[in-house]
Each structure stands twice: as structure tokens, then as C-alpha cells.
Amino acid sequence: MLNLQIPSATTVSSLRARIRSWRDERLTVGFVPTMGALHAGHLALVQLAKAQCDRVVASIYVNPAQFAPGEDFEAYPRSVIEDSQQLTEAHCDLIYLPTTEVIYPEGFATSISVAGPAEGLESDARPHFFNGVATVVAKLLNQVRPDVAVFGEKDYQQLLVIRQLVRDLDLGVDIIAGETVRERDGLALSSRNAYLTPQDRQRAAQLNRILRQFAADLAAGKTVPQARQTALEACEAGFDAVDYVEARCADTLAPLGDAALEVPARVLAAVRLGSTRLIDNCAALPS
Ligand code: PAF
């Protein structure tokens, strides 16, 4: 039994009992799902939920279904005590810590299959990923039944997949996007940054600079293929491998044509430094 500083629930019944007591007082509930190893980016999502709702639940669950064999499920950083201290300081009201028996009980046989914004980009390298995310998020949303749930723009494709999931399954929750929180040199905060060696940590900051230049080139009227080629060459020069560098329609992630930008877009990239995979994205507006 963990001795945490704020109320916690590990079962659906204890979670719902606490939420029912808030509902009896007509309080609204915000939800921030996480995999733990919290940083300032997560805490900003909690603050956003706090600004929208009377009470906030944060969940910590490292979801095996979104990791393929050979990915970092075992190595993924786990730090529940430090996380709970940070959530206490952020005035979170309840930590939900489900076990795998609660999320995937014996005999569990359902998986949500997502398409639309889930196609391409992350799915090319991690085909299992969004079905795993959608299944756990649908389950968590149904367990918590919040008014509002907050997801970071750092995982922009995930954000759009979740919006689509909520629309398609009538889950009845408002999805709010939290801006990416960055280090001073532009590196997007991520739990996986902890894997970077000091040298790779220095190199990692290039990713945001390259994406901002990509967006600036599009805003200046360069065609999508021209601007993309410059960004691709910069990524190839700066990183050990490049999974993708793309500009896509901001609302749907549909591919753009070969002309200059005519609609709001998002530029997105995934690159590798040693065994660490970095993803980032930023907005690109037409001139
Ligand atoms: O973004 C994350 O941390 C995870 O993908 C999420 C949404 C908590 C689902 O496991």
C-alpha cells in the first residue's frame, strides 16, 4: 500500500465513490491521463484542468497495449512517489492508480481500432500504438466520466485521434489541448528525455529549431515539398535517423498538396538519437 500525500484510488469502485461525492455537491470534474514520470508539461495540463473544473483527477498507468515487443515498456521511468508529490503541489484532487488487473482483467478481449488521423506518421513506425492508446483512453474516460479531459499538443497526432474517438463513440467529454512546455533551448519536455546522454541532449534541441524554420518557410510562401526537403535535410544532418518530417492539415492530418500552404497546417517530426526517439510538432500558418 503506497502512502501518498493526496487521496488515491486503485479500483473503479473507489474512484467512482470519490467522484460520486463530488457530483453530489454538483462539482465539475477534469481528468488528466498520464503514464507517470511527471514533468512540468504534465503539471501544466493539471493546471489547465484546474482552471476549467472544480476537481481534477490524474491517472498514472503505463499502458502495455501501446508498446510493441522490444519497445521501452519495461524501462519506462516509474516514479509514483515523486509524481504524487508533484501532483499535490499542483493541487490535483485525486490520483487514480489502476493496476493491470483493473484495466485489462483476465478475459479482456476488446480493442478499439482507429483510422483517420491515426493513419501514417507515428503509425508507420509504431502500428500498434494508437489502437493501444484509444483502448486505454476509452476505458479511463469511461471509468472517470469527467466533464473535461486534457491532452498535450506535444503528442499532436494522439490529440486528434482522441478527439476523433470521443466524437465517434459519443463519449460526452470535452477534450482540451494543452500547449507543449519546452526547455529554454526549445526541447519539448518528455519523460523519455531522461534516456538522452548529455551529448544527445544538446543535439536534441535542434528538432524544435528545424520545425520552426519549416513553419516559417511555409509561412513565407515556399511550396510544401520545398520547405519539407529543407527540413528533412536538416534532420538527416542533425540526428541518427529520421522516421518522418511532414506538413499536414492541422485539423485532420490529411496530406497537403504540392503548392504553397493554403490552410492552417501542422509540421511534425520523429527522429532518433541513439536508442531515444524524439517527436515534436508546431503550427504553420499560410502567408
Ligand atoms: O500520452 C500519454 O501519456 C499516453 O499515451 C496516455 C494518453 C496516458 C494513454 O496511455
Out of all the residues in region 164-192, which are without any contact (Cβ under 8 Å) to a residue 40 or more places away in the chain and in a helix (DSSP H, G or I)?
V166, R167, D168
Residue hits (region 70-86; crowded, with 21+ Cβ neighbours inside 10 Å and within 14 Å of the ligand (Cβ to nearest atom)) are D83
Under the condition of being over 8 Å from M35 (Cα atoms) and within 13 Å of the ligand (Cβ to nearest atom), which residue from region 55-69 is surrounded by the fewest Cβ atoms within 10 Å (Cβ to Cβ)?
P64
Please go through region 223-244 and pick out each residue that is out of contact with any helix residue (DSSP H, G or I) (no Cβ under 8 Å at 6 or more places or on another chain) and either among the basic types (K, R) or surrounded by fewer than 16 Cβ atoms within 10 Å (Cβ to Cβ) (or both).
P225, Q229, E233, E236, A237, D240, A241
Considering only region 31-40, how many residues are out of contact with any Asp or Glu (no Cβ under 9 Å at 6 or more places or on another chain) and within 10 Å of the ligand (Cβ to nearest atom)?
3
Pick from region 226-250, criterion of a type in the set (D, E, K, R) and in contact (Cβ under 8 Å) with a residue 60 or more places away in the chain, ranking: farthest from L159 (Cα to Cα):
D243
Failed condition for G132, given (1) near the ligand (Cβ under 10 Å from one of its atoms); (2) among the small types (G, A, S); (3) crowded, with 22+ Cβ neighbours inside 10 Å, with all others met?
(3)
Looking at the structure I just gave you, is G120 assigned to a loop (DSSP other than H, G, I, E, B), under 14 Å from L253 (Cβ atoms) and among the small types (G, A, S)?
yes
Pairs only if they're at least six apart or on different chains, beta carbon under 7 angstrom, first in region 6-33 and farther than 24 Å from Q85 by Cβ, second among the aliphatic types (A, V, I, L, M); list them, first residue then second.
V12/V102
Taking interchain pairs and intrachain pairs at least six residues apart, which have beta carbon atoms under 9 angstrom, with the first residue in region 49-63 and closer than 14 Å to D147 by Cα and the second within 9 Å of the ligand (Cβ to nearest atom) and of a type in the set (S, T, N, Q)?
A58/T34
Somewhere in region 256-273, is a residue part of a strand (DSSP E or B), under 20 Å from the mean Cα position of the chain (by Cα), within 18 Å of E179 (Cα to Cα) and free of Cβ contacts under 8 Å to residues at least 60 places away in the same chain?
yes
Anything in region 274-287 that is buried (at least 22 other Cβ atoms within 10 Å of the Cβ) and either out of contact with any Leu (no Cβ under 8 Å at 6 or more places or on another chain) or not acidic (D, E) (or both)? List them, or say none.
L278, I279, N281, A284
Can you tell me which residue is farthest from the chain's Cα centre (by Cα) among those in region 175-206 that are within 27 Å of P117 (Cβ to Cβ) and away from the ligand (no atom under 16 Å from the Cβ)?
Q206
The listed residue being assigned to a helix (DSSP H, G or I) and within 15 Å of the ligand (Cβ to nearest atom), out of V137, V150, V114
V137
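We did not get these values from a lab; they are worked out from the coordinates using the rules stated. What you see is a predicted model; the values in this text were computed from it and never measured. Glycine gets a Cβ as well: all are built from the backbone with ideal geometry, and neighbour counts include every protein chain shown.
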